1. Can you tell me which residues in the range 37-68 are hydrophobic (A, V, I, L, M, F, W, C), in a helix (DSSP H, G or I), open to solvent by 50 Å² or more (accessible area, probe 1.4 Å) and touching a helix residue (DSSP H, G or I) at 6+ places or on another chain (Cβ under 9 Å)?
2. Would you check which residues across the range 42-59 are under 8 Å from the mean Cα position of the chain (by Cα) and closer than 20 Å to residue 28 by Cβ and list them?
Amino acid sequence: MNENKKLAIELPKALIQNSHVQPRFSHTRNNDIGDEHSIEYFIGDSRYSFTDIVSHYLDNIERIKKWS
């Protein structure tokens, strides 16, 4: 795994440990693929999956690298 991806995974790990980030268990029914169970993270009034947070960090790391 390249360094950008490693960093994009480590940053959300640190973020979700902050007291202002609230984890919640989610259960979604989907007729096509069955039930889904996941953990969502609430930051303020917004909710994100861990994958959403990692993608956000990775996109921004790649943008910053282009500036260099």
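1. Of the range 37-68, the ones hydrophobic (A, V, I, L, M, F, W, C) are 39, 42-43, 50, 53-54, 58, 61, 64, 67.
Filter again for in a helix (DSSP H, G or I), leaving 50, 53-54, 58, 61, 64, 67.
Next cut, open to solvent by 50 Å² or more (accessible area, probe 1.4 Å) only: 50, 64, 67.
The one that is hydrophobic (A, V, I, L, M, F, W, C), in a helix (DSSP H, G or I), open to solvent by 50 Å² or more (accessible area, probe 1.4 Å) and touching a helix residue (DSSP H, G or I) at 6+ places or on another chain (Cβ under 9 Å): 50.
2. Keep residues of the range 42-59 that are under 8 Å from the mean Cα position of the chain (by Cα), which gives 48-56.
48, 49, 50, 51, 52, 53, 54, 55 - these are the residues of the range 42-59 that are under 8 Å from the mean Cα position of the chain (by Cα) and closer than 20 Å to residue 28 by Cβ.
The values are calculated or read from the model by the stated rules, or taken from the named source; none is laboratory data. From a predicted model like this one, the values you see are computed outputs, not experimental measurements. So basically every Cβ, Gly included, is an ideal-geometry build from the backbone, and we count neighbours across all protein chains shown. Each accessible area value is taken on the protein alone, full model and side chains, heavy atoms only, with ligands, DNA and RNA left out. Shrake-Rupley method; radii C 1.70, N 1.55, O 1.52, S 1.80 Å.
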